[in-house]
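Colleague: So that we are looking at the same thing, I have put the structure below in structure tokens.
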Amino acid sequence: MTLTQHDIDQEIAAQHAAYEKRLADGGPVEHQPRRDYAPYRPSVLRHPKQPPVTIDAGKDPELVELSSPAFGERDITEIDNDLTRQHDGEPIGERITVSGRLLDRDGRPVRGQLVEVWQANSAGRYAHQREQHDAPLDPNFTGVGRTLTDGEGRYRFTTIQPGPYPWRQHVNAWRPAHIHFSLFGTAFTQRLVTQMYFPSDPLFPYDPIIQSVTDDAARQRLVATYDHSLSVPEFSMGYHWDIVLDGPHATWIEEGR
Amino acid sequence: MTKIDPSRPESVLPTPSHTVGPFYGHALPFRGGEDIAPLGHPDTVTVHGYVTDGEGEPLPDALIELWGPDPDGNLPRVDGSMRRDPASGGFLGRNGVEFTGWGRVQTDANGHWYARTLRPGARGRSAPYLSVCVFARGLLVHLYTRIYLPGDPAALAADPLLSGLEDARRDTLIAAREGNGAYRFDIRLQGEGETVFLEFQ
Ligand SMILES: [Fe+3]
């Protein structure tokens, strides 16, 4: 049987209603997606069925997971954070500047840590062998960037506005335009891989991946804000996106960073 | 919504996780990501295995990160895991001397992964282990687990995590010795023999 957008819409609505009911029954706000969110079909066979075993990180400051790998100037190059300058020619598309701060749950900046991004080109095509979407490749755009956060936890990328793309989970399934982010904190428990979206994308209601974050306020935290002060005159549109890492961390690691 | 004001603690709420998707391959893996041990180090171990789904099918698109201490139990503070060539922008690989403790490896088309790292030393009350973070298409939130190496039954028995698990589940966290410093560690995301995954509070 062909899976339609209508089928997925109904599943998304049911999941949202179930979350509202859990909240009404006194359940906690769910900041993270559930791993078994079935409207996103690839999760069905890949989520653990046993509940995770909880480790109380407060009991043992020696846990390996309370520290994090280090990255430095050797691990990046000068133009890694400018995805428009990695080839001989200019990539096609609307140039954008994306910037924000990396913070922990206490609102403290995460300094000197690695931020990695990857994305489709302006036509919605990834420079990846297994990509099946037949939109054009751009020889001047790979869509990969890296940077280290500065002393205030700030990061900044210059890139091209990515296009939306179809992904075949169901008929007419389209991903809203997004940039993938990979982030490290001061503890391995804070590791985060996520996606940043653009304001007012009409595809949001149809996409089971963004809708996997069933809490409305939490989902909004994945959407960047247009920021005129970040727009570069005669060059690029600016978007602001702050990131907050979850998970316990040892405060003593902050010293000396 | 996405400008966060740290002076208002109630506004500092976690950014939700999303799947790594299928197309991270040109962005995240890097040359030598799996060769964490300094060249020729006598405490080098190879850990390897398959990542499988609820039907036992291997995942050709999983990404594993390993993080662990050196053989003395000290956590590395050195960068340089993904040293870059300023001229070409490409990856140089590690320098073969310093131990960064961190590595990243993608499963191959058979769903198999391997890494060469240093045998971890013990820290605190725990038996020695490598911390593992698993990413894949289909995983909306990554998964944490641990690789414990066999050989010291007393340390394993005293480990605060392992000692709280029933035997069958506990065994999913202990790699199998294969000789020549190699250890097998399969990661079963779902179903029979499902690996124990962890959350931290
Ligand atoms: Fe994508």
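Colleague: Between a residue in the range A:55-84 that is in contact (Cβ under 8 Å) with a residue 24 or more places away in the chain and more than 7 Å from chain B (Cβ to nearest Cβ) and any residue that is in a loop (DSSP other than H, G, I, E, B) and β-branched (Val, Ile, Thr), which pairs come within a Cβ distance under 8 Å, given they are 6 or more apart or on different chains?
Modeller: A:SER68/A:THR186; A:LEU83/A:THR142
Colleague: Also, I was wondering about something else. Could you go through the range A:79-92 and let me know if any residue there is among the polar types (S, T, N, Q), open to solvent by 10 Å² or more (accessible area, probe 1.4 Å), closer than 19 Å to A:TYR239 by Cα and within 17 Å of the chain's Cα centre (by Cα).
Modeller: yes
Colleague: Return a yes/no flag: does the range A:127-139 have any residue that is in contact with a Gly (Cβ under 7 Å, 6 or more places away or on another chain), assigned to a loop (DSSP other than H, G, I, E, B), in contact (Cβ under 8 Å) with a residue 24 or more places away in the chain and within 16 Å of the ligand (Cβ to nearest atom).
Modeller: yes
Colleague: Picking from B:ASN110, B:ASN95, which residue would you name as being on the phi < 0 side of the Ramachandran plot and at the interface with chain A (Cβ under 10 Å from one of its Cβ atoms)?
Modeller: B:ASN95
Colleague: Out of B:GLY121, B:GLY96, B:GLY73, B:GLY103, report the one residue that is under 22 Å from B:PRO58 (Cα atoms) and small (Gly, Ala, Ser).
Modeller: Only one candidate qualifies: B:GLY103.
Colleague: Does the range A:226-239 contain any residue that is in contact with a Pro (Cβ under 6 Å, 6 or more places away or on another chain), within 11 Å of chain B (Cβ to nearest Cβ), open to solvent by less than 30 Å² (accessible area, probe 1.4 Å) and in a loop (DSSP other than H, G, I, E, B)?
Modeller: No, because not a single residue in the range A:226-239 is in contact with a Pro (Cβ under 6 Å, 6 or more places away or on another chain), within 11 Å of chain B (Cβ to nearest Cβ), open to solvent by less than 30 Å² (accessible area, probe 1.4 Å) and in a loop (DSSP other than H, G, I, E, B).
Rundown of residues vs (1) open to solvent by 60 Å² or more (accessible area, probe 1.4 Å); (2) more than 13 Å from every other protein chain (Cβ to nearest Cβ), yes/no style:
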| residue | (1), (2) |
| --- | --- |
| B:ARG119 | yes, yes |
| B:ARG123 | no, no |
| B:PRO128 | no, no |
| B:VAL132 | no, no |
| B:ALA136 | no, no |
| B:LEU149 | no, yes |
| B:LEU161 | no, no |
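Colleague: Would you mind finding the one in A:PRO164, A:PRO109 that is within 18 Å of B:HIS18 (Cα to Cα) and open to solvent by 10 Å² or more (accessible area, probe 1.4 Å)?
Modeller: A:PRO164
Colleague: Scan the range B:85-104 for residues that are part of a strand (DSSP E or B) and of a type outside the set (A, V, I, L, M, F, W, C) and jot them down.
Modeller: Hits for the range B:85-104 are B:GLY103, B:ARG104.
Colleague: If you don't mind, another one. For the range A:189-196, does any single residue satisfy the condition of being away from every other protein chain (no Cβ under 11 Å) and polar (S, T, N, Q)?
Modeller: No, the conditions are met nowhere in the range A:189-196.
Colleague: Suppose we keep only residues that are within 16 Å of the ligand (Cβ to nearest atom) and in contact with a Gly (Cβ under 7 Å, 6 or more places away or on another chain) within the range A:163-191. Which one would you say is farthest from A:ALA135 (Cα to Cα)?
Modeller: Step by step, filter the range A:163-191, then rank; the result is A:HIS180.
Colleague: While we're looking at this one, here's another question. Go through the range A:140-156 residue by residue and tally those that are within 26 Å of A:ASP88 (Cα to Cα) and either within 16 Å of the ligand (Cβ to nearest atom) or surrounded by fewer than 21 Cβ atoms within 10 Å (Cβ to Cβ) (or both).
Modeller: Selection size over the range A:140-156: 9.
Conditions tested, residue by residue: (1) open to solvent by less than 30 Å² (accessible area, probe 1.4 Å); (2) closer than 25 Å to A:VAL213 by Cα; (3) part of a helix (DSSP H, G or I).
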site: A:ALA17; (1), (2), (3): no, yes, yes
site: A:LEU23; (1), (2), (3): no, yes, yes
site: A:GLY26; (1), (2), (3): no, yes, no
site: A:TYR37; (1), (2), (3): yes, yes, no
site: A:HIS47; (1), (2), (3): yes, yes, no
site: A:GLY58; (1), (2), (3): no, no, yes
site: A:GLU62; (1), (2), (3): no, no, no
site: A:PRO69; (1), (2), (3): yes, no, no
site: A:THR77; (1), (2), (3): yes, no, no
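Colleague: It is to be established whether one or more residues within the range B:2-16 are touching a residue at least 40 places away in the same chain (Cβ under 8 Å) and either in contact with a Gly (Cβ under 9 Å, 6 or more places away or on another chain) or surrounded by fewer than 17 Cβ atoms within 10 Å (Cβ to Cβ) (or both).
Modeller: No, because not a single residue in the range B:2-16 is touching a residue at least 40 places away in the same chain (Cβ under 8 Å) and either in contact with a Gly (Cβ under 9 Å, 6 or more places away or on another chain) or surrounded by fewer than 17 Cβ atoms within 10 Å (Cβ to Cβ) (or both).
Colleague: Looking only at the range B:18-49, which residues are away from chain A (no Cβ under 14 Å), open to solvent by 50 Å² or more (accessible area, probe 1.4 Å) and not small (Gly, Ala, Ser)?
Modeller: Hits for the range B:18-49 are B:ASP35, B:LEU39, B:HIS41, B:PRO42, B:ASP43.
Colleague: Given (1) more than 8 Å from chain B (Cβ to nearest Cβ); (2) in contact with a strand residue (DSSP E or B) (Cβ under 9 Å, 6 or more places away or on another chain); (3) charged (D, E, K, R), where does A:ASP88 come up short, assuming only one miss?
Modeller: Result: A:ASP88 fails condition (2) only.
The values are calculated or read from the model by the stated rules, or taken from the named source; none is laboratory data. This one's a predicted model, so the numbers in the text were calculated from it and none came from an experiment. Counting neighbours? That spans all protein chains shown, and the Cβs are built from the backbone with ideal geometry, glycine included. We work out accessible area using only protein heavy atoms, side chains counted, and drop any ligands, DNA or RNA first. Shrake-Rupley method; radii C 1.70, N 1.55, O 1.52, S 1.80 Å.
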